[in-house]
1. Could you work out how far the C-alpha centroid of region 13-40 sits from that of region 210-264, in angstrom?
2. Can you give the alpha-carbon Rg of the chain over 2.2 N^0.38 Å, where N counts its residues?
3. Using Cα-Cα distances under 8 Å and only pairs 6 or more residues apart, what relative contact order does the chain have, in percent?
4. With the crude spin-label approximation of a point 7 Å out along Cα→Cβ, what separation in nm comes out for T231 versus Q141?
5. For region 1-119, what % of the accessible area comes from carbon and sulfur atoms, probe 1.4 Å?
6. Sort 41-54, 117-130 for me by packing, meaning the mean count of neighbouring Cβ atoms within 10 Å per residue, highest on top.
7. Kindly report the accessible area of the chain per residue (heavy atoms of protein chains, probe 1.4 Å, no ligands, DNA or RNA), in Å².
8. Tabulate in residue order the Karplus-calculated ³J(HN,Hα) for region 227-240, using 6.51 cos²θ - 1.76 cosθ + 1.60 with θ = phi - 60°, rounded to whole Hz; enter x for Gly and Pro.
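The values are calculated or read from the model by the stated rules, or taken from the named source; none is laboratory data. Because the structure is predicted, anything quoted here is derived from the model rather than measured. Reconstructed Cβ throughout: ideal geometry from the backbone, glycine too, with neighbour counts over all protein chains shown. Areas reflect the complete protein model, heavy atoms only, side chains present, ligands, DNA and RNA absent. Shrake-Rupley method; radii C 1.70, N 1.55, O 1.52, S 1.80 Å.
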Amino acid sequence: MDIQAVHDYTVTIIKEAGERIRKSFFETMQIEIKSGANDLVTNIDKETEAFLVKKIRAYDATFRILGEEGMAQEQITSLDGVVWMVDPIDGTMNFVRQHRNFAISIGIYVDGIGQAGYIYDVVADELYYALKGQGAYVNGQRLSPLEALPLNEAIVGMNAVWATPNPHVEHEGIIQLIRTLRGTRSLGSATLEIVAVATGRMDAYLSLRLSPWDIAAGIIIANEVGAVSSTLDCRDVNLLTQDTFVVANPSIHKKLVGDYITLK
Ligand code: IPD
Ligand code: CA
Ligand code: CA
């Protein structure tokens, strides 16, 4: 695979997809509930994924595609060969409610190794991307390597519900963590939270359940500036399943996960 040619093509199609989404703001969108009231999908999610699938296949029909909305109609049970991971709109709740703070995400893996990642903040017109080993960029400007910092100076992305009694994580540890940190944030788009870590706007992002398309691109981008990704119990990320997830500045990753987070 000619990664540079694939890169140029991906930049073109992700921006074209973004332009289509921006135009959709002037039309009435159809909203459906998926697994629950907080899990939405719109016709624009589906149309955007269908558009990207068509474009990817037009480039090379052997590329395999795992997309959140299933428009590729493929079962991906291994990461052999070239696999594209597509989230057509990450942050659908923000898309519906705010018309901002959502992104298109594309991660390209070859035999399980991340080669290229793209996260396009459609309304800000900011394209974050990285090719393996070549650094991470936003709109052509290289992102700086992350600098070490102590936990009490860190800003961490997490869901506020973790600080209340819940079935997933010991909330007392989370309360201690919140007291230790400089601040917390919740942006409502996993991909934009990961690029917030990659740009140093946040120092870590934690989630109890993310899918491969939520993290595939972000891991590649974050890795290029030195961020560390794992599950919350410090296992390697598996891109064939849903799991917990953390991406963090390497200076705080172990302490954050080891000292404060206990999964039930
Ligand atoms: C969701 C967003 C959200 C995260 C959820 C994801 P979607 O993706 O990234 O911030 O908390 O776990 O499912 O459904 O908007 O593509
Ligand atoms: Ca998502
Ligand atoms: Ca989505």
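1. When both Cα centres are located, 27 Å separates them.
2. So the Cα radius of gyration is 0.97 times the expected 2.2 N^0.38 Å.
3. The value is 16 percent.
4. Between T231 and Q141, the simple spin-label model gives 3.8 nm.
5. 48 percent
6. Highest-to-lowest ranking by the protection proxy: 117-130, 41-54.
7. Computed with neighbouring chains in place, this is 46 Å² per residue.
8. 6, 10, 10, 6, 7, 5, 9, 6, 8, 5, 5, 10, 8, 10
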